[in-house]
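Report on one structure; see the data block that follows.
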Amino acid sequence: MPLTKTDPIVEKVDSRQTFMAQYTSLARYFAVRVCIAVTLGVFLLAAVEVYAFLHFHPSVNALELAAKVETVKNESPAEREYWAEFRQANKVTYHPWVLWRRQPYQGELISIDQNGVRQTLHTRCDDQTFTIWMFGDSVMWGAGAPDPETIPSLIAGDYEKAGRPVCIVNYAEKGWANTQEVIGLMEELKHAKRKPDEVLFYDGGTEAFTAYQNGLVDVHSNYLSFKSYLDNLGAYEKGGFSYFAQTNTYRFLKKMGAQAQGQDKPVQVQNAALDPDAASTAIVENYLQNMGFVDLLAKQYGFRPVFAWYPNMAVGHKELTPHEQQVLASEYRIFPGLGPIYQAAYKRAREAHRPDLIDLGDMLDDQKNSLYVGISHLNSEGNQIVADRLFEILEQATGKSRDGHEK
């Protein structure tokens, strides 16, 4: 006998089918909306990440002070071309012991070899040519200057004009403190076939800036960021959600939260309790100890060391042009309290009364033209003035060696 719709069994089957149909429809409805919500969330996060990447530039990770303060709106085509290359070449890679060097780069105005060493013009390097190695930070490296207008290239040009061939190697690197330079010197001495006749250290700014940035003396640039990364390396390797803290979105939201609470500062540095007098004493004492180590290396390898601290707007008394005034004001706005650290460090270095430590902090005091593009970085005219002075200093050191004094 066939079942009818009024039979209990048929009604039970129909109710199950109806429930399953409703459940399936509800599940599809929910799944579609979840997919839409997830897609919108991904697009929103991507948009925020891109926005944060383009607009948020945390200065805490800077390896150096800016080579150029953005105060000039109308740049020449040549300047635009240079700064475009500079941005492309301004990438570092890990190097043993010294931590970082720039990546190789070949452009029209900037050339960096496979070892991270920038090109120096007017130089000839062989087994016989008088050889000078130069160490320093971005000021010696030549940030703001094309290859022909870096201080090493201009010094080499002075030797060429004097009719004396020279091999100058520019081992400077952005953000390097003097201890890094000494370690770099040790490594080069171990591996280079041709040892130097003279080694020039051109310093002053980074020694003070690293103390200002980290609240510690005798540390490299960005020490606290390196330390934080290594301290938390295990957490990063475990996976989980710790990688979110490395996104631009997280950093941007953190900065917005700090601003909302009134805690945001122009730059994040650990210098609140840094006393300029105490810091300057430690800065110079550390530098003098490094000079002692270099003197020992000089006796072992037969070169003559030269130490000079470069010109600095915060230290000298140059009559600043309107442009230079804007540059200095901008630097102090980004790095409040930096000036007293510079001034105290240079003053303490002068008080050391070391004839082998040459203070050039105020050597541009008699200049009227606009020479500074940063607090310590110079334009080509300024680099030439400094190069001519360093050429005289190097020649004096060479003359002492030729006169029979201990090398």
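Each reported figure results from applying straightforward, stated rules to the coordinates on display, with no laboratory input. What you are looking at is a predicted structure, and each value in this text was computed from that prediction instead of being measured. No Cβ is skipped: glycine too gets one built from the backbone with ideal geometry, and neighbour counts run over all protein chains shown.
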- prompt: Given 0.36 nm per residue, what is the gain on full extension from residue 21 to residue 396 after removing their alpha carbon distance, in nm?
  reply: 125.4 nm
field: Residue-count net charge about residue 123 - beta-carbon cut-off 14 Å; Lys, Arg +1, Asp, Glu -1
entry: -2
- request: Give the order of 167, 35 when sorted by the count of other beta carbons within 10 angstrom, beginning with the fewest.
  value: 35, 167
Approximate spin-label separation residue 81-residue 380, in nm, with each point projected 7 Å along Cα-to-Cβ: 1.1
statement: Output ordering of 374-381, 26-33 (per-residue mean of other Cβ within 10 Å, highest first) is 374-381, 26-33
field: Cα-centred dipole magnitude for the stretch 108-177, charges only on beta-carbon of K, R (+1) and D, E (-1), debye, nearest 20
entry: 140
- line: Among 190/299; 91/190; 193/299, the pairs whose Cα-Cα distance exceeds 20 Å are 91/190
Computed E for residue 39/residue 247 - FRET, C-beta separation, R0 22 angstrom, nearest 0.05: 0.70
- prompt: Based on the Cβ-Cβ distance from residue 192 to residue 50, what FRET efficiency comes out when R0 is 51 Å, to the nearest 0.05?
  reply: 0.65
statement: The answer for residue 175, listing residues at least 5 apart or on another chain whose modeled amide H is closer than 5 Å to its amide H, is 138
- prompt: Under the Karplus relation 6.51 cos²θ - 1.76 cosθ + 1.60, θ = phi - 60°, what is the ordered set of whole-Hz ³J(HN,Hα) values for the stretch 345-355, x standing for Gly and Pro?
  reply: 5, 5, 4, 5, 5, 5, 6, 5, 6, 9, x
- prompt: Once the Cβ-Cβ distance between residue 317 and residue 354 is put in as r, and R0 is 30 Å, what FRET efficiency do you end up with, to the nearest 0.05?
  reply: 0.85
statement: For residue 95, the residues 5 or more places away or on another chain with a placed amide H closer than 5 Å to its own amide H are 100, 101
message: Below 14 angstrom from the Cβ of residue 362, what's the summed charge of the other residues (Lys, Arg +1; Asp, Glu -1)?
response: 0
Cβ-based charge dipole, the stretch 297-378, positive-most Cα from 334, 316, 355: 355
- request: Rounded to whole Hz and in sequence order, give me ³J(HN,Hα) for the stretch 210-217 from the Karplus expression 6.51 cos²θ - 1.76 cosθ + 1.60, θ = phi - 60°, writing x for Gly and Pro.
  value: 5, 5, 4, 5, 10, x, 9, 9
query: Listed highest first by mean packing, meaning other Cβ atoms within 10 Å per residue, what order do 284-291, 151-158, 223-230, 342-349 come in?
result: 151-158, 342-349, 284-291, 223-230
